[in-house]
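Written out below as structure tokens is the structure these notes cover.
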Amino acid sequence: MNRTLFFLVFLLTISCSSPQRYDTIVKNVTVFDGKGGAPFLGDVAVLDNQIVLSKIKSSDTADKIIDGEGLAIAPGFIDIHAHLEPIEIFPQAESAIRMGCTTAMGGPDGSSPINLKKFLDTLDEMGTGINVAYLIGHNSVRSEVMGLENREPTNAELSKMNGLIEKGMKDGAFGMSTGLKYLPGTWAKLDEIISLSKTVSRLGGIYTSHLREEGLGLFDGVQEAIDISEGADIPVVLTHHKAIGLPMWGSSDKTLKMVADARAAGLDVMVDQYPYTASYTSISVLIPPWSMVGGRYDKFAERVRDLELRDSIKRGIVYNIMNDRGGGDLKRIQLAKFNWKPELEGKTLYDWAVLEGMEPNAESGAELVIQAQLHRGASAIYHAISPEDVENIMKGPNTIIASDGRITKFENGFPHPRVYGTFPRVIGHYARDKGVLSMEEAIKKMTSMPAKRLGLRDRGIIGDGLKADLVIFDPEKIIDKATFEKPHQYPEGIDYVIINGKVVLEKGKFFDIKSGEILRGPGYLK
Ligand SMILES: [Zn+2]
């Protein structure tokens, strides 16, 4: 052996056996790698923004050594349905991070900024606590081109919309969202959505939809999403999947079968779900859309002044209270954000009727909904989903967990508890306490499954060289604390959150270091 070779071998031997220094090592921790297999005991290290799993030696050291005994580690949770607009005001995204979320996708339900490039560049410059992905919203695009018009687009308008969707994809969107229950998406027909979805599909994106109906028309809504997957050859997510309103309780068996059958036929259809028996949306969801054509406040007010129209609007609302989102009982409709009467936030429509000295029935409920809309609306929590459907959907093999939550400042307003509790609730309440699914399955639904859906190859799994987004929790203690009565409560049992290699949460202490990255989708053009 000549000298040089000897020296090289010598160096190699030294470097193999000499201790490596990492930023962080978590020792003797139960590893849920995100892929859904049984957890195993091991060490996980972080160096810069990379995970090290297989090559850790007992002699290795780190700037920070975490004793993982009794704790579990998982990939950071990826929330594919988040309302992220307030992130410009609360870029640290503490409410999301404290529930283990490290990546969230905004722009759901058809609503997003139109100029995504500008928006994402702004976030990039500001810095964000979490990794941020975005969808381009169909309702936003349609309003931009056609306003709140109840008609089909002309060819010129459709091509303009296609242009905006294409631009959104090139700006970095991961796909297109629709909110076909909302304005103006509710006036879009299948052809229009398929045409736009083809543009998204061509650029590698997905289609995610708040279905046209989640109550009485649920099956048609599910079928429509399946038809869009087929018609545009596009991966689909039926978002915040549920069966709302008493007449539809128990329908999840059928909808899950529709999804499974579509997949068996070769279509890439999935669902996502938040783990609660109540939804949260504008009170106008109870109002017939035709009464808001051209303007959800001013045109609506004009129509309400016409007594005949008012009567018909009222009948529409009564119908929705009885058969759809109202759940057939004013006590199931809880006012959330209500600028006109903030003292009623957290109270139900039943409470409000009683306070007004009205008989608390569907007619007076409809009257109050009209009053609320005349005073620029309100948002409400609708307790109209059956617990059995929630569990049934959660168990489904094609179900991803996503929050549908809004970035929230602690103690501001009256949010749905999902903004604080989604992921710990599924792991602690549904997996550990109720045994609805295994903990590894629950974690897979919030890590590798959403990562795969978005085409994120470097996140959602604990593996060598992947991005260091990690959550360390106590599997015995992890639980959501936020409730519908007292929403502003952070979850318990999440000890550490690491985002892109940086520790941002440590034993209750939150560090505002904005280590999130802005992620760009498959059609992104620099
Ligand atoms: Zn929605």
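Check segment 132-148 and report whether any residue there is away from the ligand (no atom under 15 Å from the Cβ) and free of Cβ contacts under 8 Å to residues at least 24 places away in the same chain.
Yes, segment 132-148 contains a residue that is away from the ligand (no atom under 15 Å from the Cβ) and free of Cβ contacts under 8 Å to residues at least 24 places away in the same chain.
Considering only residues that are out of contact with any helix residue (DSSP H, G or I) (no Cβ under 8 Å at 6 or more places or on another chain) and buried (at least 22 other Cβ atoms within 10 Å of the Cβ), which ones fall in segment 111-134?
119, 131 - these are the residues of segment 111-134 that are out of contact with any helix residue (DSSP H, G or I) (no Cβ under 8 Å at 6 or more places or on another chain) and buried (at least 22 other Cβ atoms within 10 Å of the Cβ).
Restricted to segment 175-200, and to residues that are more than 16 Å from the ligand (Cβ to nearest atom) and surrounded by fewer than 21 Cβ atoms within 10 Å (Cβ to Cβ), which residue is nearest to residue 291 (Cα to Cα)?
The residue in question is 187.
When the residues of segment 241-255 are filtered to those that are within 22 Å of residue 402 (Cα to Cα) and surrounded by fewer than 24 Cβ atoms within 10 Å (Cβ to Cβ), which remaining residue is nearest to the ligand (Cβ to nearest atom)?
251
When you go through 137, 100 one by one, which is the residue that is touching a Ser or Thr at 6+ places or on another chain (Cβ under 7 Å), buried (at least 20 other Cβ atoms within 10 Å of the Cβ) and either among the aromatic types (Phe, Trp, Tyr) or in the same structural domain as residue 236 (by TED's automatic domain parsing) (or both)?
Being touching a Ser or Thr at 6+ places or on another chain (Cβ under 7 Å), buried (at least 20 other Cβ atoms within 10 Å of the Cβ) and either among the aromatic types (Phe, Trp, Tyr) or in the same structural domain as residue 236 (by TED's automatic domain parsing) (or both) holds for just one of 137, 100, which is 137.
Scan segment 404-448 for residues that are surrounded by fewer than 22 Cβ atoms within 10 Å (Cβ to Cβ), of a type in the set (Asp, Glu) and part of a loop (DSSP other than H, G, I, E, B) and jot them down.
411 - this is the single residue of segment 404-448 that is surrounded by fewer than 22 Cβ atoms within 10 Å (Cβ to Cβ), of a type in the set (Asp, Glu) and part of a loop (DSSP other than H, G, I, E, B).
The values are calculated or read from the model by the stated rules, or taken from the named source; none is laboratory data. Since the model is a prediction, treat every value here as computed from it, not as a measurement. For neighbour counting, all protein chains shown are included, and Cβ atoms are generated from backbone atoms with ideal geometry for every residue, glycine included.
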